[in-house]
């Protein structure tokens, strides 16, 4: 599996094994835009239905660590299917429209941005690796940890790694001489270090198309983040992620899920089904145009009336298909019915009918609709549809110390030089 290491090394100090999450490196190491005393960052979320752009600045003393949204803009997405780009030129125009609107509102030029990646090419796999401790005194160093993680990457089956690039590397659990280590194993002593690692990857050509589209729109990519992870930063609490929960984002043509435990993601998956399928089912079942079917789906008043029972059957059947796919995945990772904090539903499809109750019955888990609170100028807004873009802003500003995903600005080049120095130190006079 090909991987591009990140400019940002993200570590969690409150989770089992103190996992370190690496982000994909795009072009070169850059930092959030800083204008005099202002620190400003932009998040861009390219969905199948909309391109969302949020511009945020670090909150003042009276706002604590909450970023203040200074611009929020969106444009209709063209040239995207199931989360991946099919018509690059159309996507570039969609991005330009949203960025131009955000620039007009914020009164600044957007030059750099954190970007989310989703779509059916996004997936995860757990792999195991081990390393023999290199120091004579048996003390575990950062080099030993890196060797163990790299060994776990080497164990990924070729069938699961072909044509893919790793965008997140998340150690889930460490063992020293067969015993589980709580916290970072660096500094402890032993003869063998083992690690269980979650790798989040994306199809290589999808990722390249995304980066190219952003850069052709005149914006430099600072970092790439998996959409479910970005959304989790603002829709899930630390308590929920520690206890065990799942975030389900029901988009127009995809459903993405991320399962959390001990404050870290333990699984991620994307299904090629979404709320557009519900619209199509309504159009076929009630024999109405697609535009009217969309209005019926979201509960808007239409010129005609339809049998409520038949409508509920149509919507319920498709939602059941979605939750059955989720249930199969939870069984695969042995978490079905075993997430105390339940399922949190977000995305454009989260407002459909009795989706919350249906999720509770199908998955046998507590269920609720996600919400976020952010400030746009002096107005408080509650809107979960911008969760991914807002999560990107929080990540970029490094404003939430409890997220477990904090950039520290170390580049791969710096880490490589450090590793070379460690290897050569025993041979120096």
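The values are calculated or read from the model by the stated rules, or taken from the named source; none is laboratory data. The model shown is predicted, which means the values in this text are computed figures rather than measured ones. No Cβ is skipped: glycine too gets one built from the backbone with ideal geometry, and neighbour counts run over all protein chains shown.
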**Fill in**
Taking segment 161-184 and keeping residues more than 19 Å from the chain's Cα centre (by Cα) and buried (at least 24 other Cβ atoms within 10 Å of the Cβ) leaves 174
**Leading residue by the ranking (surrounded by the fewest Cβ atoms within 10 Å (Cβ to Cβ)) among those in segment 68-92 that are at pLDDT below 90 and at positive phi** = 82
**Request:** Look at residue 332 and say whether it is free of Cβ contacts under 8 Å to residues at least 12 places away in the same chain, outside the structural domain of residue 170 (by TED's automatic domain parsing) and farther than 28 Å from residue 258 by Cα.
**Result:** no
**Message:** With the condition being at pLDDT 50 or above, I'd like the helices (runs of 4 or more DSSP H) fully within segment 342-429 carrying at least 3 qualifying residues.
**Reply:** 355-363, 387-397
**Request:** Consider residue 112 carefully, then state whether it is within 20 Å of the chain's Cα centre (by Cα), under 22 Å from residue 348 (Cβ atoms) and at pLDDT 55 or above.
**Result:** no
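Rundown of residues vs (1) touching a strand residue (DSSP E or B) at 6+ places or on another chain (Cβ under 6 Å); (2) closer than 16 Å to residue 337 by Cα, yes/no style:
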residue	(1), (2)
234	no, no
239	no, no
246	yes, yes
249	yes, no
252	no, no
258	yes, yes
262	no, no
267	yes, yes
272	no, no
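Taking segment 209-230, which residues are crowded, with 20+ Cβ neighbours inside 10 Å and over 15 Å from residue 86 (Cα atoms)?
Scanning segment 209-230 gives 217, 219, 221, 222, 223, 224, 225, 226, 227, 228, 229, 230.
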**strands (runs of 3 or more DSSP E) contained in segment 176-235 and holding at least 2 residues within 28 Å of residue 67 (Cα to Cα) and either modelled with pLDDT under 95 or not assigned by TED's automatic domain parsing to the domain that holds residue 157 (or both)** = 220-226
